[in-house]
Structures are given as C-alpha cells and as structure tokens.
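Single-structure report; data block below.
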Amino acid sequence: MTSEDASTAALLALTAKLSFPRRTGTPGNSRARDIIAGELRASGYEVVEEPFWYLPRRVQVPSLALATCSIWTTFGIFAVTWFSAMNQSWLLPFLGACLLFALFVQHSMPVRWRMRSTGDVSSPLPRGARWGTNIVARIGGSSPRDDSASFQLVLAAHHDSLSLAYPPALNIFIILCNTVGVLLCGTLAIVIGLVHALSGSVNPWSRLFVALSSLVACCTLVAKLLNTRSNNSPGAVDNATGCAVLLELARALKRNPDPLRFPETRLVFFDAEEAGLWGSCFHAARLDHWLRGGTKRHACFISIDEAGGKGPLVASGAFGFPVVTRPPHDPALDGFVESLLRAGARRGTTTWMPYPASDHAPFAAIGVPSTWISHACTVAHSPRDTMGEVSAAHMAAIFKALLGFVKAEKKEETWG
C-alpha cells in the first residue's frame, strides 16, 4: 500500500468514526469532541478546549425585524396598491424603505452581533445563554496557549451536525426567493410611491408586480420559519470529512516534522457552526483581540467544510450585503486557492463564490484573509448524509493540497 493509499484509508476511517448525529448540546456532540481530542493527543499534541457561551435570542433581532417588516409591508402594499385609493400612496416609500432597511440589517449585522453575543467562562453567564466548546491544537511550537508568534495560520473545521426539514436545494431556493422578493418588493414600493407623487398615476401592472413580489417575500419567509431543525443527520460529509482532513494532517505533520510555512499553525474544531457560526465568532473575537495587541501581528484563515462531497470544488470569499466583496489578500493564501482550483477544474470548479453562511465569515469581518474550501454536497443537513455519500478522492485531494501548503518553505516576514 502506497503512502497516498494509506492516507486515504485513514481519512475514511476517521470520517466513519465521526459519522453520527452531533448537534450542539447533545451527548453525540460531546462524544465527537472526545474523539477529536483523543486523536490529537494520540498524535502527540497538547489540546485545549475552548468553552464559550452564546446568546441565540439576541441575534434574532434582525430576523424578527425582517419578518415584521415583510408581513407589514405585504399587507400594506396590497392595501395601498390594490384596494385603496391612490391618495394613500405616500405610504409606499415608507413601507419599502422599512423593508430594505430590515433586509440590510439581517444580512450585514449578524456576524458582528454574534461576536458581541459570545463569551468565555470568565465572564458572567447571561440569562438564556447556551454552551459550546471549540477544540484547539497547535502544530509546531510549544502550546496552543502561547500567543507570542507574529503570524497565525488558522486551519478550521466545524465538528457539529444538523438536520433540516427541507433538502439543501429547496432550502437554498427558498432563501434566494425570499431575498429577491424582499429586495424587489421594497425597491418597487419606493419607485411606485415616488412616481405617483410626481405624476399622479401609476401603471396598474406595476402595482400588480409589486404586490406579487411582496406575497413571494412573505410566503418564503413563512417557509423559512417552518424549516425545523433536528438531530438525525449523521453528518458524514458535513462535516466529519473536514474534521478527518485536519486530524490526518496533524498525524502527517507529526510523522514528518518539516519546517512550516508559517511561524504558527493552529488547528481549530468549531462547535455550534450549524446553530449560527457561534464557535467561529467566539474564536474570531479572541483572534481580533490578539491582532490588536501588537503592530506586527497578522493571521490567515482556511475553513474546510464538506471536504468529501461528491460535487464540484468550491472556494468562497467573504460576503457582504448589498455589495459582494473578497476578504483582504494574502499572496500565499491566494496562490494555494488558485492551485487547488486548477487541480479540480476538470470537475467543474466554482471559484470565489460569495457564500456568507460558514466559518470564514467572522474572520473576514475582522480583516483576516480567509477562504472556505468545500465540495458541493446535495445531502447535507439530512439523514442521507452517510458514508455512502463520501468521496474519498475529493478528501484526499484537499488533504494533499493542504499538506503541501502548510509544509512549503517558510513564509517571509514582509509586513511592516
């Protein structure tokens, strides 16, 4: 058996060991943490558990604001554009502005709100808080508690799992329809109201269109609220495969302790990603504090998610509403992503797809060059996410690329 075959077999074995329901706060989640910590200790690493609390209710404010504005605007627009006299059209710009503002808040604020809505065991525990635990290990150096390095490469994967009532494709479709419906509804409401105020008349078809868009926004919002969560997904692809890649990477680097590209490389296994990116928000807040503690401190972040999916390779940058942006550049990180994408191009690669809902978002929000590496998976968040859906070849490709990136020649200190 070649070394590559042995690594592939080890990746599959680690994935199988973690393929069981692992929703945050359940016994399965604790069992997964014990397995990950045990594997790291068996490889010779010091492991630090990073417990944190989070407040899910506090960041529900943007969603509740959007829900309230969507329902209010839907009924208001129907009343003003369809049933009532047009002398009430002054309400339309007001309703549309409220709806667009609620949409902006929902898409722009959650990451920052989450970072302010977490804390560690040393801070007072607020009412309604829930607990999660990240796992941290350091490759090279002495201890994950040591913050003396000038540069940190953070390699991460979330270890929790979740099952949703809707299949992934339907869930994405509903979210997109809701966002587009709200955006059209708010914009058209403002335009129609202003046009009527200036000209005194509005095309009836435009009123029908805005009324239908408001109905779409409201119906998809209700559909989102009915998308219940449970703990019956084994989470093999999402994200036992990502955890397996990092665990096998730790083993490989311990067997061959070559010089690392970066002064410090940390492995972090996030909890509560499926509950709202809470583990990554907590760690990003701590990293932000570390970055502010020195003028020459820098960091770089890579999230491995669904490494063993059977779909095309995807690399995602940051996402901000209403403008799509890439996170700050790092030449080494950009080169790694581009080489990985070239290697996977024959499988139909998507490059730098803006995707907000994963662990790279909090790090991009604090100005850290970040990326999210994944293979598309059609069975994520469902009971069908089992070992039969895992692509060993895709896992091995990401593992090999990541190993080469971490072990490359040491990065030159070129920052001011």
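The values are calculated or read from the model by the stated rules, or taken from the named source; none is laboratory data. Because the structure is a prediction, the values reported are computed rather than measured. Because the Cβ atoms are built from the backbone with ideal geometry, glycine has one as well, and the counts that use them run over all protein chains shown.
In the condition set (1) at pLDDT 75 or above; (2) buried (at least 19 other Cβ atoms within 10 Å of the Cβ), A318 is compliant with all but (1).
Condition first: modelled with pLDDT of 60 or more, exposed (fewer than 15 other Cβ atoms within 10 Å of the Cβ), within 26 Å of L247 (Cβ to Cβ) and in the same structural domain as G276 (by TED's automatic domain parsing). Can you find one or more residues in the stretch 359-379 that meet it? So far as the stretch 359-379 goes, no, none of its residues is modelled with pLDDT of 60 or more, exposed (fewer than 15 other Cβ atoms within 10 Å of the Cβ), within 26 Å of L247 (Cβ to Cβ) and in the same structural domain as G276 (by TED's automatic domain parsing). Being within 29 Å of T220 (Cα to Cα) and either at pLDDT 70 or above or surrounded by 15 or more Cβ atoms within 10 Å (Cβ to Cβ) (or both) holds for only one residue in R138, R130, R57, and it is R130.
Does V47 satisfy the criteria of being at pLDDT below 75 and either assigned by TED's automatic domain parsing to the domain that holds L176 or surrounded by 15 or more Cβ atoms within 10 Å (Cβ to Cβ) (or both)?
Details: at pLDDT below 75: no; either assigned by TED's automatic domain parsing to the domain that holds L176 or surrounded by 15 or more Cβ atoms within 10 Å (Cβ to Cβ) (or both): yes.
Spelling it out, it is not the case that V47 is at pLDDT below 75 and either assigned by TED's automatic domain parsing to the domain that holds L176 or surrounded by 15 or more Cβ atoms within 10 Å (Cβ to Cβ) (or both).
Residue-level check: of (1) surrounded by fewer than 17 Cβ atoms within 10 Å (Cβ to Cβ); (2) at pLDDT below 80; (3) under 30 Å from A393 (Cβ atoms), K254 misses just (2).
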